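Participant: Okay, here's the structure, questions in a sec.
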Amino acid sequence: MPYTYPRYAYQRPAEFASGFGEHRVVVAGGGMVGLTMALALAHEGLKVVLLDEDDTVSEGSRAICIAKRCLEIYQRLGLGRRLLAKGVTWNTGRVYFRDRQIYSFNLLPEEGHEYPAFINIQQYYLEEYLVDACREAGVELRWRNRVVGVEQHPDHVLLSVETPEGRYRIAAEWLLACDGARSFIRESMGLPFRGKVFRDRFLIADVRMHASFPNERWFWFDPPFHRGQSVLLHRQPDDVWRIDFQLGMEADPEVERRPERVIPRVRAMLGPDVPFELEWVSVYTFRCRRLQRFVHGRTIFVGDSAHQVSPFGARGGNAGIQDADNLAWKLAAVLSGKAPEALLESYNAERVAAADENILNSTRSTDFITPKSEAARAYRDAVLTLAEHYAFAQPFVNSGRLSRPAILSESPLNYPKSAHWAGGLPLGAPATDAPVQHNGKPDWLLHHLGDAFTLLCYGDPKDFAEAKKFARANGLRLTIITPEPSASVSGNGETHLHDSEGLVQRRYALPEGGVILFRPDQHVSALFDRFDTDEVGAALSHALANPMMNMENVP
């Protein structure tokens, strides 16, 4: 059955009584990133108002690939299992050149992870689930509330909002601009994008059909059914298949999205006897660009309003989700008085660096997929020919380097006096999952990291008495990994986990007595060979961008 788009009712804002209102946090934009941002803030205990000019979810499949790291973020926000149950799980990709497969790859070859490398799920499902979660979390969702004016002030942003009943004004202590690639807020502030817009055009066709293709990513260079161009195929829930056709630089978008142009392309690919129907069609161009800065006074840009990349590689939506995860705990720390506003500069530093990494990879993908000269095409075709027979050539094939989480190695929040363990996670890396036992039952490590600063300790729980005192005094989570089954029971703010398969020690290279300080977004902030109150206290202060933090409560 075709998807039924929900309609969310407009409700009169309370500000109409006086014409004005004040809010600590306003999120502008109710798409995937804006809803994720609002939900993440609500999980931090903040009251959030979200404004969206529409009254439904996004049309069409759009950002369909959710990467493992983002699934882990949604697990913390209460949506991970629902997304996994609905989405199409895949780890394998196949690359074709002309009429043959040249190689395949597995993005998650090792066992011992709760979530797969990717799931495919239409963006409208993700947004619908996010709306449900936001409502449950107490987010005030204001549909058909369009921002039409933005005034910057030193301690707030003044917004003019248009509704079906007229306009009202609100003052936001912080405005989070999640209003997408055509951001009104960005344009009203006169902030230009820097980067490239590529001329090549691509067609998205969401096709409903019954097919026995496996749950894999298939990419063709110069296939016989679409000569001289490229094609990408993904399976989605509900027997919907996403097909991306490269059209070339001279294609007319208005002409190419017409059914009489799309249907013959799909039929040439599938064969004349395969029945199908079109569900959604769109034409897009590659954009690889970003704002110079993401933080502008009391306005912070998140997702596509801050940066844009080509769809190949699934970097756009996944980057926006990670933006929200990065910003939520920092803004909560500032608003609660635990950190100075300077902490928000680390959002700018970290996510600008992540955007640059995504733009670099996206630009390289674009150049490989759409060669701009005969010499570039000859090089690409030679690489593809070699990759069929020689493994060394396969890394040079670029059909869209797939999204990976940013390692924030240059983050100003990383503790410079950290220990270094060969084979473990570097500073700034996101936590990696592993199977554990909790109170004798199977569990996952990442369920016990994040949502607050967390001390991960490895060894006998009796050796971490000082760590327990520190964690209780400073509101940290304490998670102790035991190499042997422990008789201790979790409680009093601490969790004991048994490294039942030895994968925690193997993936983190933790020495006996070793300690890792994780940020609330599960990135490594500091590493220690042993627990030391002064050193861990200094690392926590550093991670909050507050070298003058009051340490009187440190035991």
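No lab work stands behind these numbers, since they all come straight from the coordinates. Owing to the predicted nature of the structure, the values given are computational and were not obtained by experimental measurement. Cβ coordinates were reconstructed from backbone atoms using ideal geometry, including for glycine residues, and neighbour counts include every protein chain displayed.
Participant: Could you tell me the center-to-center distance, by alpha carbons, between segment 45-71 and segment 117-184 in angstrom?
Facilitator: Using only Cα atoms to place each centre, the spacing works out to 10 Å.
Participant: Could you give each residue of segment 131-140 its phi-based ³J(HN,Hα) in whole Hz, using Karplus coefficients 6.51, -1.76, 1.60 with θ = phi - 60°, and x for Gly or Pro?
Facilitator: Residue by residue, segment 131-140 yields 4, 4, 5, 5, 4, 5, 7, x, 5, 8 Hz.
Participant: Output ³J(HN,Hα) for segment 36-48: one whole-Hz value per residue in order, computed from phi by the Karplus curve 6.51 cos²θ - 1.76 cosθ + 1.60 with θ = phi - 60°, and x for Gly and Pro.
Facilitator: Karplus-based 3J(HN,Hα) across segment 36-48 equals 5, 4, 5, 5, 4, 5, 4, 5, 8, x, 9, 8, 10 Hz.
Participant: Calculate one ³J(HN,Hα) per residue across segment 329-346 by plugging θ = phi - 60° into the Karplus curve 6.51 cos²θ - 1.76 cosθ + 1.60, and present them in order as whole Hz with x for glycine and proline.
Facilitator: Coupling constants for segment 329-346: 5, 6, 5, 4, 5, 5, 5, 8, x, 7, 8, x, 4, 4, 4, 5, 5, 5 Hz.
Participant: A further question on this structure: Around ARG298, what is the net charge, scoring Lys/Arg as +1 and Asp/Glu as -1 over all other residues with Cβ under 12 Å from its Cβ? Present the calculation step by step, with values, prior to reporting the outcome.
Facilitator: Values: positive: ARG24; negative: GLU151, ASP155, GLU173, GLU341.
Combined, the nearby Lys, Arg, Asp and Glu give -3.
Participant: Under 1.5 on a/c is rounded, so check that first for the chain, then, if it is not, pick prolate when a/b is larger than b/c and oblate when it is not; a ≥ b ≥ c are the square roots of the alpha carbon gyration tensor eigenvalues.
Facilitator: Numbers: a/c = 1.85, a/b = 1.25, b/c = 1.48.
In terms of gyration-tensor shape, oblate.
Participant: Continuing with the same structure: Hey, with R₀ at 51 Å, roughly what FRET efficiency would GLU357 and HIS389 work out to, going by the Cβ-Cβ distance, to 0.05? Numbers along the way, then the final one.
Facilitator: Working: r = 31 Å, r/R0 = 0.61.
That gives a FRET efficiency of 0.95.
Participant: Can you put GLU250, GLU187, GLU388 in order of Cβ neighbours within 10 angstrom, beginning with the fewest? Walk me through the intermediate numbers first.
Facilitator: Details: GLU250 8, GLU187 13, GLU388 16.
Least crowded to most crowded, the residues run GLU250, GLU187, GLU388.
Participant: Would you please give the residues with an amide H less than 5 Å from that of ARG530, counting only those at least 5 places away or on a separate chain, with H modeled from the backbone geometry?
Facilitator: VAL515
Participant: I've got another one for you. Classify segment 164-252 from the C-alpha gyration tensor, please: rounded if a/c falls under 1.5, else prolate or oblate depending on whether a/b exceeds b/c.
Facilitator: Values: a/c = 3.18, a/b = 1.84, b/c = 1.73.
Judged from the Cα gyration tensor, segment 164-252 comes out prolate (a/c at least 1.5, a/b above b/c).
Participant: Which value, in debye to the nearest 20, describes the size of the charge dipole of the chain about its Cα centre when Lys and Arg Cβ atoms bear +1, Asp and Glu Cβ atoms bear -1, and nothing else is charged? Before the final figure, lay out the partial values.
Facilitator: Working: 62 positive and 70 negative charges, 204 e Å.
Dipole of the chain, to the nearest 20 debye: 980 debye.
Participant: Additional query: By counting other Cβ atoms within 10 Å of each Cβ, how are VAL27, VAL88, VAL207 ranked from fewest to most? Write down the numbers at each step before the final one.
Facilitator: Numbers: VAL27 31, VAL88 19, VAL207 24.
Neighbour counts put them in this order, fewest first: VAL88, VAL207, VAL27.
Participant: Check ALA509: other-chain or 5+ apart residues with amide H under 5 Å from its amide H, H built from backbone geometry?
Facilitator: none
Participant: Which residues make up the longest stretch of the chain clear of trypsin sites (Lys or Arg not before Pro) that lie in a DSSP loop with no more than 10 other Cβ atoms within 10 Å, not counting the sites? Walk me through the numbers before you get to the answer.
Facilitator: Details: sites that count: ARG182, ARG227.
It runs 228-555.
Participant: Now for a separate question. What's the magnitude of the charge dipole for segment 435-543 around its Cα centre, counting Lys and Arg as +1 and Asp and Glu as -1 at the beta-carbon? Answer in Debye, nearest 20.
Facilitator: Details: 10 positive and 15 negative charges, 51 e Å.
Around 240 debye, computed over segment 435-543.
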